[in-house]
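Since the structure comes first, as C-alpha cells, the remarks are kept for the end.
The values are calculated or read from the model by the stated rules, or taken from the named source; none is laboratory data. Quantities reported herein were computed from a predicted structural model and do not represent experimental measurements. Note: ideal-geometry Cβ built from the backbone for every residue, glycine included; neighbour counts use all protein chains shown.
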Amino acid sequence: MSDSQSNPPMDIVVIGAGIAGVASALYLQRDNHRVTILDPRGVGEAASFGNAGTIAPTSCVPTARPDILKRVPKMLMDPTGPLKIRWSYLPRLTPWFIDLIRNSSADKILTNAQAKTALLNRAFEAYNELISESDTEELIVRNGILQIFETDQAFQNMLRERELQEACGHKVEILPGEAVRQMEPAFTSTFKHAVYLENHATIRNPGELTKRFASLFESKGGAFRQEAVTGLNRDGARWRVTTDNGVHVADRVVVATGAWSREIAKMLGFRMLLDTERGYHVMVPQPDPELRRPILLGDHSVFLVPMAEGMRVTSGVEFGGLNLPPDYRRIRAMVPFAKKILPQLEEREMSAWMGFRPSTPDTRPVLGEPAGAKGVFFATGGSHVGMTLGPIMGKITADLVAGRETGLDLEIYKPDRW
Ligand SMILES: Cc1cc2nc3c(=O)[nH]c(=O)nc-3n(C[C@H](O)[C@H](O)[C@H](O)COP(=O)(O)OP(=O)(O)OC[C@H]3O[C@@H](n4cnc5c(N)ncnc54)[C@H](O)[C@@H]3O)c2cc1C
C-alpha cells in the first residue's frame, strides 16, 4: 500500500477530527507521512457523533428532485413534517436553494446520483480496512435496514426513489408485512408495505468508532491538537496553518471541516456553496425486545436506530445555519410515532442533540484540490451519508496526495465548482 519510495514522507495537517478527517489521517499515515489533526472540539464530537450510524451505500438519491420540491410547502406547514426553515436564515440560504432547484432536472438527478454512487459503492472497502485495523467489529451490526409504510402515499413516494436506486445498481427488496414481524419481534402489528435494504450496516456508536480510529492513529505516532484553525496562507511551497494557539507549517493540508468548510474556502479566496442541513436526535431506552436493525418509519421520515446506549430517534432537516440555537420541539414530537409501532417503548428522553450535516445543493461530496490552492485537499460534503463516506473520502484523499490514480472523474467533486 505504501508509496513512500516514490513519495517521500511529508508534514501534513488535517483540519477537522470528524470521520472524514480521522480517516484521511489514517490513510495518510499508511503512506508514512507525519500527520497532525487539529480540531477545537475534540475527536468525533460534531456530526460524526450524533448521526443515525448507518453505513448506507444505497443512499444515492439526491435531495434535489421535482417530487421533493413539490412537497416542500406541505412539509413546511406540518409541525411534525421532515423539513423546517428558520426564517431569519432564509436570505443566507437563498443561493444554495436556487442551486438545488437547478440540480433538479432529470439529467442532473441521474448525474448527481451516479457521482455519489461512485463513492458509496466503495464505502465498505474502506470501512472494512479501518474496522479490521482498529479491531472495532463489535461496534458494527451487519443486518440491513427496514423501511415500513402505513399508507400507500408514503410507499408511492419511496417507489420513485427505488427506481433511481435500482438505476444505480442497488437491490431494493419489497417484503410482505408478515415477513417484517418475523424479522423484528419488537413489532406488535404488521404494516401495509415494507422494504428491506440488505447492503447496509449500523455503527452502534459512531462517535466512539471515530474515537477508536483516532486512537489507532495516535498509537501509530499521529498527533492530535485541540486547536481551531483561523488562517491558511502559503509559505513558499508549504502552507502556514494559523490556529488559536500558534502556527503549524505543512507540506500538504487536508480540510475535513464538515459543515464549517465554507469558512476555510473563504480563507483560501474561493466560494463554496456548502451549507448545513441541521439534524436532531433524542435517545430513549431500548424497547424490550430490542430492534435488530434501523427502521425508517416512511410515513413520518423518522429513523429508529438500536445503538449501544439506547435507541436513537432521528428525523428530518432544519435549515438554520451554524449559529442559531437548537429547537428540540419537532424531534421530541417524533417519539410518539415510535411508541405507536413499539407500544412497549418507554418514552423517557435520555439525551437530545443537534448537529450539522455538511451539504451541497447538488448532493455531491467535495473532494480534491481547488485550482488556486495547490497542496490543499478537501474531504467533505458527505451530507446525509457523510458517516458512510468518511473512510472512502479519506482513502481517496491519501491517493490524491500521493498522486495515485483514483479511477474517478474528479471534476464532479471539485471544491471550487461554484
Ligand atoms: C441527525 C443526523 C443523522 C445522520 N445519519 C447519518 C447516517 O445514518 N449515515 C451517514 O452516513 N451519515 C449520517 N449523517 C451525516 C453525517 O453525520 C455527516 O455527514 C458526517 O458525520 C460528517 O462528517 P465530517 O467528518 O465531514 O464532519 P464532522 O463530524 O462535523 O467534523 C468536522 C469537524 O471539523 C471541525 N472544525 C470545523 N472548523 C474547524 C476549524 N476552523 N479548525 C479546526 N477544526 C474545525 C469541527 O469542530 C468538527 O469536529 C447524519 C447527520 C445527522 C445530523
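Only strands (runs of 3 or more DSSP E) whose full extent lies in the stretch 341-414 are considered here, and the ones with at least 3 residues that are more than 15 Å from Ala23 (Cα to Cα) and hydrophobic (A, V, I, L, M, F, W, C) are 351-359. For the stretch 82-102, a residue qualifies if it is under 14 Å from Asp327 (Cβ atoms) and in contact with a strand residue (DSSP E or B) (Cβ under 8 Å, 6 or more places away or on another chain), and the qualifying residues are Leu83, Lys84, Ile85, Arg86, Tyr89. Among the numbered conditions (1) surrounded by fewer than 16 Cβ atoms within 10 Å (Cβ to Cβ); (2) in contact with a Leu (Cβ under 6 Å, 6 or more places away or on another chain), the only one that Pro185 does not meet is (2).
Residues of the stretch 334-357 that are under 17 Å from Val317 (Cα atoms) and loosely packed, with under 15 Cβ neighbours inside 10 Å: none at all.
Comparison of Val385, Val305 shows that the only residue that is in contact (Cβ under 8 Å) with a residue 40 or more places away in the chain, out of contact with any Gly (no Cβ under 7 Å at 6 or more places or on another chain), of a type in the set (A, V, I, L, M) and within 13 Å of the ligand (Cβ to nearest atom) is Val385.
Residues that are hydrophobic (A, V, I, L, M, F, W, C) and either within 30 Å of Gln147 (Cα to Cα) or at pLDDT below 95 (or both), at least 2 per element: which strands (runs of 3 or more DSSP E) completely within the stretch 194-272 meet that? It comes to 201-203. Are there any pairs, at least 6 apart or on different chains, whose C-beta atoms fall under 8 Å, with the first in the stretch 14-38 and in a helix (DSSP H, G or I) and the second surrounded by fewer than 24 Cβ atoms within 10 Å (Cβ to Cβ) and modelled with pLDDT under 95, and if so, which? Sorted first by the residue in the stretch 14-38, then by its partner, the pairs are Arg30/Met1; Arg30/Ser2.
So that you can scan it fast, the table gives a plain yes or no per residue for (1) touching a Phe, Trp or Tyr at 6+ places or on another chain (Cβ under 9 Å); (2) touching a residue at least 12 places away in the same chain (Cβ under 8 Å); (3) small (Gly, Ala, Ser):
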| position | (1), (2), (3) |
| --- | --- |
| Arg262 | no, yes, no |
| Ala265 | yes, yes, yes |
| Gly279 | yes, yes, yes |
| Met283 | yes, yes, no |
| Gln286 | no, yes, no |
| Pro289 | no, yes, no |
| Pro294 | yes, yes, no |
| Leu297 | yes, yes, no |
| His300 | yes, yes, no |
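Residue count for the stretch 61-97, restricted to those that are in contact with a Lys or Arg (Cβ under 8 Å, 6 or more places away or on another chain), surrounded by 17 or more Cβ atoms within 10 Å (Cβ to Cβ) and of a type in the set (A, V, I, L, M): 1.
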